[in-house]
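FYI, it's all coordinate maths here, none of it is from the lab. Bear in mind that the values here come from a model prediction, so they are computed numbers and not experimental data. For neighbour counting, all protein chains shown are included, and Cβ atoms are generated from backbone atoms with ideal geometry for every residue, glycine included.
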Amino acid sequence: MSKTKPTKKKAAQGKARPAAPKTKKAVVSKKAKPAPAKKALSKKKPAPAKKPAPAAKKPVKKAAPAKALVKKPAAKPAPAKKAKPAPKPVKAAKAAPAKKPAAKPAPAARKPAAPAPKAAPAPAPARKAPAAPVKAAPPVKTAPAPAKAEAPVKPAPTPAPAPAVVAVAPAQPVVLPERKIISLPLPPPGPTKTGALFYDSHMHTPLCKHAWGEPEEYAEQALKAGLKGIIFTCHCPMPNGFWPTVRMSESEFDTYLALVQRAADAFKGRLDIRLGIESEYFPGYEDYISKLHQRADFHYVLGAVHWQAKEYLNKFETGTIENFRRIYFDHLAKSAETGLYDCLAHPDLVKNYHPDSWCFAIVKNTVATALDRIAATGVAMELNTSGLNKSYSEMNPGVEMLRMISERGIPVVLGSDSHRANRVGEHFVTALNNLTEAGFEKVSYFLNRQRIDLKISDVLASLKKAADHNA
């Protein structure tokens, strides 16, 4: 609604200026129009306005609106001229509430003499109208919104319809292109001919600006590791320049989809390659992320809280180190509670924040509370093997937190978080053994955003058999 206020002010100024050419000095305004306009405002008698009328006819070629300014205050019939532009905003008003409120703009046209008082109820239906397209998120409905916002700006004499249409603007923060589909059928259940059964569900592409190797290179390594498939989960784009150095830009989103499709086509029949995304969680960006997830047919959406983002540190790095870690685990639980994600990536990543001071016992109660909240959502959690390559050399999460996850019945997905092709499937056997020690019997992956659970013993056997076959 902030855009509507300027339109009303412009309309008000447009009405105040018509009284300008009321003195004889208006004749001198043939050479300099702005000077007489300011002096004429101080005089109230409209009688001399009849003489400047012919003078205004000459500058018609340069400024057509000058005629309208002189003719409106000339006589009482001027209000009748205001009734002519009235039907223009009425058409725009009918276009805005296309579903039900179309009948309400009609009475506004019958009484053009007082459009201002009846304009107040107009914004009400306008606010309800955009609500529907936001929930349905269809690209067709959001596209015409800008056109409606421009139409009422032209008829300045009737400011009432303008706010009603401009109210559609909040529905435009994210432009949703057509839904992209990776055109591959789901693989049959069970192992492949080589015995492969499991997926690596976390890896990147060069578009994130800190990964190396083409998707096909990651696919080749997956075959050597004895995997049935892989899911690319590159860092999602974010608005307002949020941490741009570690993610694809908005303009590269379609390129990302094309890269995954290209690899999927190249390895069809040998390795199942699926589209996923590592989707940022940052308080206040939930609406953007929700719309982002509708832009493609993702098989897997991995949520991530990255404490090392400059924006995150600037906003939440307050108080002690332990307090910052508690904030992180609270946000981890909140990300699950949004319902936007299938799984939560590297859930104790914050132990790399001042790793020398990490002590799980200090934050154990905080972690327990967060895990209780996550368990209530049904969201899975990731065992990320790349933690062995970080400053605090331990998988994410560590063994003790992994036991707490097992006690709450939270499912676990394995991900290598590969930023180089040679790390696909890395340390998976160790990770599966860690799960067994923590009390797990099954491990999971996602296809079509549906969780698939497998026995850990079966996955271990399949990795060895498929790796031997592909050696």
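Worth a mention:
- Couplings 3J(HN,Hα) of segment 208-223, computed from phi: 7, 6, 9, 10, 10, x, 7, x, 5, 5, 5, 5, 4, 5, 4, 5 Hz, in residue order, whole Hz [Karplus 6.51 cos²θ - 1.76 cosθ + 1.60, θ = phi - 60°; x for Gly and Pro].
- Computing FRET efficiency as 1/(1 + (r/R0)^6) for LEU313 and LYS209, where r is the C-beta to C-beta distance and R0 is 22 Å, gives about 0.70.
- Using the Karplus relation 6.51 cos²θ - 1.76 cosθ + 1.60 with θ = phi - 60°, the per-residue 3J(HN,Hα) values for segment 273-285 come to 10, 10, 9, x, 7, 8, 9, 5, 10, 8, x, x, 10 Hz, with x marking Gly and Pro.
- Shown in residue order for segment 351-366 are the 3J(HN,Hα) couplings computed by the Karplus curve 6.51 cos²θ - 1.76 cosθ + 1.60 at θ = phi - 60°: 5, 7, 8, 6, x, 5, 9, 5, 9, 4, 4, 5, 9, 4, 5, 5 Hz (x for Gly and Pro).
- Counting beta carbons within 10 Å around each of ASP348, ASP287 and listing the fewest first gives the order ASP287, ASP348.
- Cα gyration tensor shape of segment 374-453, rounded if a/c is under 1.5, else prolate or oblate by comparing a/b with b/c: oblate
- Pairwise label distance in nanometres, LYS442 with LYS224, each label 7 Å out on the Cα-Cβ vector: 3.3 nm
- Considering only ALA380, HIS306, THR233, the residue lying farthest towards the positive end of the dipole of segment 199-470 is ALA380, judged by Cα position with unit charges set on Cβ.
- Cross-link pairs exceeding 22 Å between alpha carbons, from the set LYS390/LYS442; LYS442/LYS464; LYS351/LYS442; LYS364/LYS442; LYS224/LYS351; LYS364/LYS455: LYS390/LYS442; LYS351/LYS442; LYS364/LYS442; LYS224/LYS351; LYS364/LYS455.
- Within segment 331-471: Cβ-based charge dipole about Cα centre, in debye rounded to nearest 20 (Lys, Arg +1; Asp, Glu -1): 180 debye
- Using the Cβ-Cβ distance between GLU217 and ALA376 with R0 = 35 Å, the FRET efficiency computed as 1/(1 + (r/R0)^6) comes to roughly 0.30.
- If the chain linking GLN294 and THR255 were pulled fully straight, counting 0.36 nm for each residue of separation and taking away their Cα-Cα distance, it would gain 12.4 nm.
- Extension reserve of the LEU388-HIS354 stretch, reckoned as 0.36 nm per residue once the Cα distance is removed: 10.6 nm
- Amide H within-cut-off set for ASP272, under 5 Å, with H built and near neighbours excluded: GLY229, ILE230
- Prolate/oblate/rounded label for segment 205-312 (Cα gyration tensor, a/c 1.5): prolate
- Residues in segment 201-241 that a label on ALA461 would reach, taking backbone N under 12 Å of a point 7 Å out along Cα→Cβ: none
- Residues LEU313, LEU414 in ascending order of nearby Cβ atoms (within 10 Å, fewest first): LEU313, LEU414.
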